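Asks: Sharing a structure below in structure tokens format, with a few things to ask.
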Amino acid sequence: MPAPRDDNLMERFDEPALRRFGARHAIAAVFLAALILILIDGHSVLKAGEEMNPGPGRTIVEAVGRPTSLIAESIPLAGVVHDATAFLNPDVALSGPGFDAAAGGATGEVGEVTPAAFNPATIGGPPQAKRRLGELLVTGDSMSEPLDSDLAGDLIPKGVRVVQDPHIGTGISTTFIVNWAQLSAAQVRADHPNAVVIFIGANDGFPMNAPDGRSVSCCSAQWAAIYANRVRQMANTYRQGGAAHVYWLTLPTPRDPARARISRVVNAAIAVGVAPWAAQVSVINTVPIFTPGGVYRDAMTIDGVPTIVRQSDGIHLNDAGSELLAQVVLAAIRHNFKY
Amino acid sequence: MLFPTIQFAIFFPLVLAGSWLLMPHPRAWKPFITAASYVFYGAAGWTFCILLAGVTLWNQLAAVALARTENERRRSLIVATAIVLDLGALAVFKYYSFFVQQWASVFAHVGLGAPLPLLTIALPVGISFYTFQAISYVIDVKRRHIAPASLIDFAVYLSFFPHLVAGPIVRSREFLPQLAKPRDPRHVAVGSGLSLIALGIIKKVVISDFLAAKLVDPVFAVPQAYKAPDILLAAYGYAAQIYCDFSGYTDMAIGLALLLGFVLPQNFRSPYRATGFRDFWRRWHMSLSRFIRDDLFIPLGGSRGGALLTYRNLMITMVLVGLWHGAAWTFVLWGTYHGIGLVAEHAIGGRLKLPGWLRWLVTFHLVVFGWILFRATSLQNFWEFVSRLGVPGVPTLWSATVLAAIAVTIGFQLLPALPLQRLQFRIERLHPAVLGAGLAVVIALAGATVSSQGVPPFIYFRF
């Protein structure tokens, strides 16, 4: 059988007008491009490596990144190019103290317990008066998607302004991409939300610095303490001295046992971190909802229908899971606000 | 591994140099490029490599078995077995969760439990592309268009990293002949390769990701928050975004292959210039259209059996094209919508005489409307989006840069081809050193527009 006539245009690079070069020209051109990029942005390689998960890929990228970083540092071109192209960068410039100021926390001082540490419901006190919900900030890492859209879809038609500000690939234990201490302050400065929903921790588990400068690996009690202090700093920022209510969501247990271990410590640190303001910071525990007993599951029954609630990565919630969580969060919000 | 990343920027120069160094020695080059391609693929998850190797092995076994028998019944059985295995892999990894969830919902409504375990299964990147290529290989051998390749040639063809994860879908008869003898190191289309890579980066990083972040993603995430002007712009914006995203990837894939000495088929030809659905599919994702036409539509009977059978074949083909894109009702309906468009066009034939500009205008808007279905996260999201088109209001997301990005993307496709080709030829004739420096500048400028969260994955990686 003859081959059919094809309209694949495979011959389009056979045009006589096209100039051909040797393979060595191709290699030289690609290496020239790489060299120029090293000269003007050699730091990026090491930074990219530091953002990668541990493994051979990261090791190779970091091994390449160290010398390229040194080259870029020794030539002032990088700074000039960075300044010249800064106007193109879509990121909001962050400033102010980062986590370092609070990283250690264990100063030995005994902090004063305030009334804000007590949720009225737990001590049989009168319920707090419901305030009008004007603006809600939904933030976090990739866990906060599509929860942010689900909440926005429900609240925007009811007149609530919803700011969706997820930061994919970020974590509280890593400041390579963004420093959440600075970011949370910037978010509050920009929007002054009177409620904040934060769902973060999927990327955490990075080593953090202790007060004495030592690097502490996950997931010892010392790591948990540093993490809890960072959570505390962020929660304090978001609660704006009591002007806002914060809903901090714990992580549902992930499928991977190594990640499950990290999420267990992250969840424990969240509980400890927000403890001084139980009246203003509510912890919404997702573990009993999605992974009772800390046991991972792909599916659960919702309204009588067995439903897949997790994404295939075994970390994130899928649309159905997120919609369910949004209803839980909205119920919590309705406890404190009217809209 | 994504093309526009630091990891790939380290990987590619090394592979390029190694490839040309070993090119005169095919017995060394072929294992080298296969290993490099598996490293590229394994960066997304090394377990996926096992599946790729499995697909390679059973399709090669089928091709060899085909060559050993002249019995047509046996040959058909061999092809059917290979296709069932290929589609079986696709069904398990891509469609299992979707169908089991649908069945579970149906069973729950009649008081029964889920018939199969509700599991989420990780989708191996590019599985839809390489299984189709494997199927096309076995079918080409069955039809005697090609002889079975050696195992290593077939492994190179299937895993060749420039086209591995998102195409273009390369027919075996287009690629395997290029492996017959080493590529000539004196005649490399360096200019075309480098300029295509630069163009792909601009399309993906500068235009597609910008439109996604500033317009499309926010509006599709919460359509209820926006009114008609923003909704309308988001629909046009997505048309521009998906073209830049997918054709940007294809440009990079073709450019990288050219630098390695290989030619991949054309995948796009100004699709928004189309003046009908049929014309659109001859310009959009052309390598998929060819595969579907040759290996599905024509075997079903094509247009040989009268009008009704042709319509049936068109509908079956397009519904499956929709399903190929993803396991969701939105994709099924998108395919059905295009099927209806093709059937209507076929039925009307030449009876309706419309001026060219009007045919273009109607086609363009019908295609854009179809993209809303394609982009919507669910049918509910689609209805919310479409219903907001009727809510008047002031634009909030219209900015000069957003409008310019859409206008440039669509406008360039409407310009006469010849002046653009001349400009392209002029650029491609520049000395490689100039083009290499130019590529660095493009990468640096494009990189400066990337947010701290990095380059989002290509849309077609999900398929």
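The values are calculated or read from the model by the stated rules, or taken from the named source; none is laboratory data. Note that this is a predicted model, so its numbers are computed, not measured. All Cβ positions, glycine included, derive from the backbone under ideal geometry; neighbour counts span all protein chains shown. Ligands, DNA and RNA are stripped out before the accessible areas are found, and what is left, the full protein with its side chains, is counted by its heavy atoms. Shrake-Rupley method; radii C 1.70, N 1.55, O 1.52, S 1.80 Å.
Asks: Under 13 Å from the Cβ of A:ALA278, count the other residues' Cβ atoms, weight Lys and Arg +1, Asp and Glu -1, and hand me the total. Intermediate values should be presented prior to the final figure.
Replies: Working: positive: A:ARG232, A:ARG239; negative: none.
Net of charged neighbours comes to +2.
Asks: Between A:PHE118 and A:PHE31, what length comes free when the chain is fully extended (0.36 nm per residue of separation minus the Cα-Cα distance, one decimal in nm)?
Replies: That works out to 25.1 nm of additional length.
Asks: Averaged per residue, what accessible surface does chain B expose to a 1.4 Å probe, in Å²?
Replies: On a per-residue basis, 41 Å².
Asks: Would you mind calculating the gained length between B:LYS353 and B:ALA407 on full extension (0.36 nm times residue separation, minus the Cα-Cα distance), in nm to one decimal?
Replies: Additional length available on full extension: 16.6 nm.
Asks: Might you report the magnitude of the Cβ-based charge dipole of segment A:221-337 about its Cα centre, with Lys and Arg at +1 and Asp and Glu at -1, to the nearest 20 debye? Working shown, then result.
Replies: On the way: 10 positive and 6 negative charges, 92 e Å.
I would put it at about 440 debye.
Asks: Have a look at the DSSP beta bridges in the protein assembly as shown and tell me what percent are antiparallel, nearest 5. Walk me through the intermediate numbers first.
Replies: Details: 8 of 30 bridges.
Counting DSSP beta bridges with both partners in the protein assembly as shown, the antiparallel share is about 25 percent.
Asks: Sticking with this structure for a sec: Mind running the shape call on segment B:271-386? Use the C-alpha gyration tensor, a ≥ b ≥ c as the square roots of the eigenvalues: rounded below 1.5 for a/c, prolate if a/b tops b/c, oblate otherwise.
Replies: It comes out oblate by the Cα gyration axes.
Asks: A follow-up question, please. What number do you get for the protein assembly as shown when its Cα radius of gyration is normalised by 2.2 N^0.38 Å, N = residues?
Replies: Dividing the Cα Rg of the protein assembly as shown by 2.2 N^0.38 Å gives 1.00.
Asks: Set Lys and Arg Cβ to +1 and Asp and Glu Cβ to -1, take the dipole of chain B about its Cα centre, and tell me which of B:VAL442, B:ILE406, B:GLY356 lies farthest positive.
Replies: B:GLY356
Asks: Provide A:TRP223, B:TRP103, B:TRP383 ordered by accessible surface of protein heavy atoms (probe 1.4 Å), highest first.
Replies: Final ranking, largest accessible area leading: B:TRP383, B:TRP103, A:TRP223.
Asks: Projecting each Cα onto the charge dipole of chain B (Lys/Arg +1, Asp/Glu -1 at the beta carbon, about the Cα centre), which of B:PRO31, B:LEU179, B:ALA9 comes out farthest on the positive side?
Replies: B:LEU179
Asks: Moving on to the next point. Test of the criteria: in segment B:37-117, which trypsin sites (Lys or Arg not before Pro) are in a DSSP loop and have at most 14 other Cβ atoms within 10 angstrom of their Cβ?
Replies: B:ARG68
Asks: Just read off the accessible area of B:ARG422 with the full protein assembly in place, 1.4 Å probe, to the nearest 10 Å².
Replies: Looks like 150 Å² after rounding.
Asks: Sticking with this one: May I ask for the accessible area buried between chains A and B, both sides summed, probe 1.4 Å, to the nearest 100 Å²?
Replies: 5700 Å²
Asks: Projecting each Cα onto the charge dipole of the protein assembly as shown (Lys/Arg +1, Asp/Glu -1 at the beta carbon, about the Cα centre), which of B:ALA433, A:GLY169, A:GLY55 comes out farthest on the positive side?
Replies: The Cα lying farthest towards the positive end belongs to B:ALA433.
Asks: For the pair A:VAL295/A:GLU50, report the inter-label distance in nm, with labels modelled 7 Å from Cα in the Cβ direction.
Replies: 4.2 nm
Asks: Given a Förster radius of 35 Å and the C-beta distance between B:LEU308 and B:SER105 as r, what FRET efficiency does 1/(1 + (r/R0)^6) yield to the nearest 0.05? Please list the in-between numbers first.
Replies: Numbers: r = 34 Å, r/R0 = 0.96.
The pair B:LEU308/B:SER105 has a calculated efficiency of 0.55.
Asks: A further question follows. For segment B:80-222, give the magnitude of the charge dipole about the Cα centre (Cβ charges: +1 Lys/Arg, -1 Asp/Glu; no others), in debye to the nearest 20.
Replies: Charge dipole of segment B:80-222: 400 debye, to the nearest 20.
Asks: If I build a Gaussian network model for chain A, linking alpha-carbon pairs within less than 10 angstrom, which residue out of A:ILE168, A:ILE40, A:ILE284 has the largest mean-square fluctuation?
Replies: Largest GNM mean-square fluctuation: A:ILE40.
Asks: No other cysteine beta carbon under 4.7 Å away is the test; run it over the protein assembly as shown and list who passes.
Replies: Among the cysteines of the protein assembly as shown, those whose Cβ sits 4.7 Å or more from every other are B:CYS49, B:CYS244.
Asks: Take each complete run of DSSP H in chain B, measure how far its Cα atoms stretch along the helix's own axis, and keep only those covering 30 Å or more with mean Kyte-Doolittle hydropathy at least 1.0; list them.
Replies: Values: long enough: B:46-67 (32 Å, 1.62); B:228-259 (46 Å, 0.90).
The qualifying helices are B:46-67.
Asks: Share of the protein assembly as shown's accessible area from carbon and sulfur, percent, 1.4 Å?
Replies: Heavy-atom surface of the protein assembly as shown belonging to carbon and sulfur, 1.4 Å probe: 65 percent.
Asks: Using Cα atoms only, what is the angle between the long axis of helix A:180-191 and the major principal axis of chain A, expressed in degrees (0 to 90) to the nearest 10?
Replies: With rounding to tens, the tilt is 70 degrees.
Asks: State the three equivalent ellipsoid semi-axes of segment B:129-171, derived from the C-alpha gyration tensor as the square roots of 5 times its eigenvalues, in descending order and whole Å.
Replies: One finds semi-axes of 18, 12, 7 Å for segment B:129-171.
Asks: Averaging sequence separations of C-alpha pairs under 8 Å and six or more residues apart, then dividing by the length of chain A, give the relative contact order as a whole percent.
Replies: Answer for chain A is 16 percent.
Asks: Can you quote the Å³ per residue value for the convex hull of the Cα atoms in chain B, rounded to an integer?
Replies: So the per-residue Cα hull volume is 177 Å³.
Asks: OK, next. Treating only the Cβ of Lys, Arg, Asp and Glu as charged (+1, +1, -1, -1), what charge dipole size does segment B:158-219 show about its Cα centre? Round to the nearest 20 debye.
Replies: 240 debye
Asks: Report the label-to-label distance for B:ARG73 and A:PHE13 in nanometres (one decimal), using points 7 Å from each Cα along the Cα→Cβ vector.
Replies: 4.7 nm
Asks: Name the residues of segment B:413-438 whose accessible area falls by at least 50 Å² when all protein chains are present instead of the chain alone, probe 1.4 Å?
Replies: B:PHE425, B:ARG429, B:PRO432
Asks: A further question on this structure: If I stretch the segment between B:ALA344 and B:ARG293 completely, what's the gain in nm (0.36 nm per residue apart, minus their alpha carbon distance), one decimal?
Replies: Fully extending the segment from B:ALA344 to B:ARG293 adds 16.5 nm.
Asks: Put B:THR310, B:THR336, B:THR396, A:THR114 in order of accessible area, largest first, 1.4 Å probe: what do you get?
Replies: Sorted descending by solvent-accessible area, the residues read B:THR396, A:THR114, B:THR336, B:THR310.
Asks: Next up: Just from its helices, what would the mean residue ellipticity at 222 nm be for the protein assembly as shown, if runs of 4 or more DSSP H residues each count -39500 (n - 2.57) and the sum is divided by every residue, rounded to the nearest 500 deg cm²/dmol? Let's see the in-between values first.
Replies: Working: 31 runs with 434 residues, N = 802.
Rounded to the nearest 500, it is -17500 deg cm²/dmol.
Asks: Would you work out if segment B:71-172 is rounded, prolate or oblate? Take a ≥ b ≥ c from the square roots of the eigenvalues of the alpha-carbon gyration tensor; rounded if a/c is under 1.5, else prolate when a/b is larger than b/c, oblate otherwise.
Replies: oblate
Asks: Over chain B, what is the relative contact order in whole percent, taking alpha-carbon pairs under 8 Å and six or more residues apart?
Replies: 19 percent
Asks: Can you list which of the trypsin sites (Lys or Arg not before Pro) found in segment A:5-80 are DSSP loop residues with at most 16 other C-beta atoms within 10 Å?
Replies: Passing both the DSSP loop test and the Cβ count: A:ARG5, A:ARG19, A:ARG20.
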